[in-house]
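Worksheet: the structure to be examined is printed underneath.
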Amino acid sequence: MRTITDTAAMQAQGLAWRRGGLRVGLVPTMGFLHTGHTSLMDLARRHCDVLVASIFVNPIQFGLNEDLDQYPRDLEGDAAKCQAHGVDLLFMPSDFYPPGFRTSVRVAQLTEILCGVDRPEHFDGVTSVVARFFGVIQPSVAVFGEKDFQQLAVIRRMVRDLAMPVEILSGPLVRQADGIALSSRNVNLSAVDRQRALSLSGALRELRAQVQAGERDLAKLVARARAQVDCDRLEYLELRDGDDLELLSELRAPARAFVAARYGETRLIDNLSVL
Ligand code: AMP
């Protein structure tokens, strides 16, 4: 496995692969890799000739008071995991944004709901960095996780709207045995908060069980689930259409439950298909 830190060198390699007719796969990450990330590498590996993983803690997707400085890092461990999961090239840019970078890619509406309410600039940072990654790396296929379900929807919309020649694939949300969604941020939780955070996946699973048992009263389902979440601040717990993310006024398939909650400085998200 090679590592490139220079953005111009990465683009030269991406263009050379493309000219040679190779199908390049990309898994973008912010590092501190876990099984959720490596499952995306395994998936990407089956859909490309050359696999690139990137590790870049993108400053423009963090708000001013968010946890950019506390974002965990483990470059050595990450490199070993990439190597073990078939990555050919690890891109860890040290000079990603050119001086005077002024461009922002914004997907309207989809970015103003759910996480966009408490993080109004977050998705603009995500689409802008992903668009630049696509320009630098020239992938034919890029893989994102359903853990960040809204992010996936936003990226699919950007690619469609701007006719970017990149196929977007998604991998399922990977959980620990006790149900908690794997997240690099889990390491920042105290032992007590780690235990309390189990209530996120617990509330979503219970909501799904009630739907499966025949409950169709949407307000009741959401109110019960909200009451089950043990956190410092519940940002949202909502039932939305699993395709277009529209808020549901009555229960119908495909329905997906979404939750975000704060534990001190740490913000966790989860989602689950319920119908
Ligand atoms: P991050 O490093 O958190 O920016 O995530 C990089 C990619 O890994 C994104 O596409 C995430 O959706 C995905 N990802 C993170 N956690 C998980 C998980 N538990 N299961 C599946 N994909 C994940």
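Quick look at the values:
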{"item": "Accessible surface of region 2-171, 1.4 Å probe, proportion on carbon and sulfur as whole %", "result": "51"}
{"item": "From phi via Karplus (6.51, -1.76, 1.60), per-residue ³J(HN,Hα) for region 84-89 in Hz, x at Gly/Pro", "result": "5, 10, x, 6, 8, 9"}
{"item": "Arg45/Arg194 FRET efficiency (R0 35 Å; Cβ-Cβ; nearest 0.05)", "result": "0.65"}
{"item": "Anisotropy class of region 66-105 from Cα gyration tensor, a/c 1.5 cut", "result": "oblate"}
{"item": "The chain, relative contact order [Cα under 8 Å, separation at least 6], %", "result": "18"}
{"item": "Dipole moment magnitude, nearest 20 debye, the chain about Cα centre, only Lys, Arg, Asp, Glu C-beta charged", "result": "520"}
{"item": "For the chain, calculated [θ]222 nm from helices alone, where every DSSP H run of n ≥ 4 adds -39500 (n - 2.57)", "result": "-11000 deg cm²/dmol"}
{"item": "Per-residue HN-Hα couplings for region 166-174 [Karplus 6.51, -1.76, 1.60; θ = phi - 60°; Hz; x = Gly/Pro]", "result": "10, 7, 9, 10, 10, x, x, 5, 9"}
{"item": "Accessible area (Å², per residue) of the chain, counting only protein heavy atoms and a probe of 1.4 Å", "result": "45"}
{"item": "Gyration tensor (alpha-carbon) shape descriptor, region 118-269, a/c threshold 1.5", "result": "oblate"}
{"item": "Potential extension, Glu121-Glu215 segment - 0.36 nm per residue separation minus Cα distance", "result": "30.2 nm"}
{"item": "Residue list for region 253-275, given a label point 7 angstrom along the Cα-to-Cβ vector of Arg226 and an amide N cut-off under 14 Å", "result": "258-261"}
{"item": "Global form of the chain, assessed from the alpha-carbon gyration tensor, a/c cut-off 1.5", "result": "prolate"}
{"item": "Charge dipole (the chain, unit charges on Cβ, about Cα centre) - positive-most of Gln109, Ala191, Ser39", "result": "Ser39"}
{"item": "Accessible surface of region 184-273, 1.4 Å probe, proportion on carbon and sulfur as whole %", "result": "45"}
{"item": "Amide H partners (placed H, <5 Å) of Ser54, local residues excluded", "result": "Val27, Thr29, Phe91"}
{"item": "Nearest-ten-degree value, helix 198-212 long axis tilted from longest Cα axis of the chain", "result": "70"}
{"item": "Rounded FRET efficiency, nearest 0.05, which uses the C-beta distance separating Leu162 from Asp243 and R0 of 22 Å", "result": "0.60"}
{"item": "Relative contact order computed over region 118-214 (Cα-Cα under 8 Å; 6+ residues apart), in percent", "result": "22"}
{"item": "The chain: antiparallel DSSP beta bridges as a percent of all, rounded to 5", "result": "50"}
{"item": "Rounded tilt (10° steps) of 218-228 against the dominant C-alpha axis of the chain", "result": "80"}
{"item": "Region 185-194 - phi-based ³J(HN,Hα) in whole Hz, Karplus 6.51/-1.76/1.60, Gly and Pro as x", "result": "6, 4, 5, 7, 7, 5, 4, 5, 5, 4"}
{"item": "In nm, spacing of pseudo-spin labels at Leu234 and Leu68 (7 Å Cα→C-beta vector)", "result": "3.2"}
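The values are calculated or read from the model by the stated rules, or taken from the named source; none is laboratory data. None of the values given here were measured: they were computed from a predicted structure. Heads up, the Cβs are rebuilt from the backbone with ideal geometry, glycines too, and the neighbour counts pull from every protein chain shown. What goes into the accessible areas is simple: the full protein's heavy atoms, side chains included, and nothing from ligands, DNA or RNA. Shrake-Rupley method; radii C 1.70, N 1.55, O 1.52, S 1.80 Å.
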